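Encoded as structure tokens, the structure appears first; notes follow it.
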Amino acid sequence: MRKLILAASAAILAGCSQAAEEEVVDEPVEEPAMVDESGIAADGQATPGVYRVTSSDGNVYDEDVRADGTYTQSLNGEVVETGRWDQKSPSQYCYTVDEAYVDEDTPAGEQCNTEQIGEDGVWTSTNPAGETAVVERVES
């Protein structure tokens, strides 16, 4: 009788372990979605818009960055630069000045600024020459 109880117990345990093994289902591991951050400015909004840019020398420029990939920069209401822009990531704003505005201070070809919003909430943009400007989005 003991042998029968031991055999029955062994069979029951074997059946339970098989059922437990069968219940294990491999759940697919979800990969994090790749986020395309191009076209997103440092403030987390879409890049097109109107900005007030205060240069390191104190000049205050108005910059109209349009959805068609062009921009116009004005100083005291006078257009001082036009060109094309490309926001490669929230921290990298690139631009190419139109030929009419290329000079010794404004090179031809694509230039990229490093942009960030500091812990103090100030948005800065640093050009390849190391000059830093303060950027403010102007609500329309």
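Derivation of every value follows stated rules applied to the coordinates shown; laboratory data play no part. This is a predicted model, so every value here is computed, not measured. As a convention, Cβ positions derive from the backbone with ideal geometry for all residues, glycine included, and neighbour counts pool all protein chains shown.
Tabulated values for the structure
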| quantity | calculated |
| --- | --- |
| Sparse-neighbour loop sites [trypsin sites (Lys or Arg not before Pro); region 28-118; at most 11 other C-beta within 10 Å; DSSP] | none |
| In region 57-140, GluC sites (Glu not before Pro) in a DSSP loop with at most 15 other beta-carbon atoms within 10 Å | Glu104, Glu110, Glu119, Glu131, Glu139 |
| Virtual spin-label span in nm between Val50 and Glu78, 7 Å along Cα→Cβ | 2.1 nm |
| Shape call, region 49-138: gyration tensor on alpha carbons, a/c limit 1.5 | rounded |
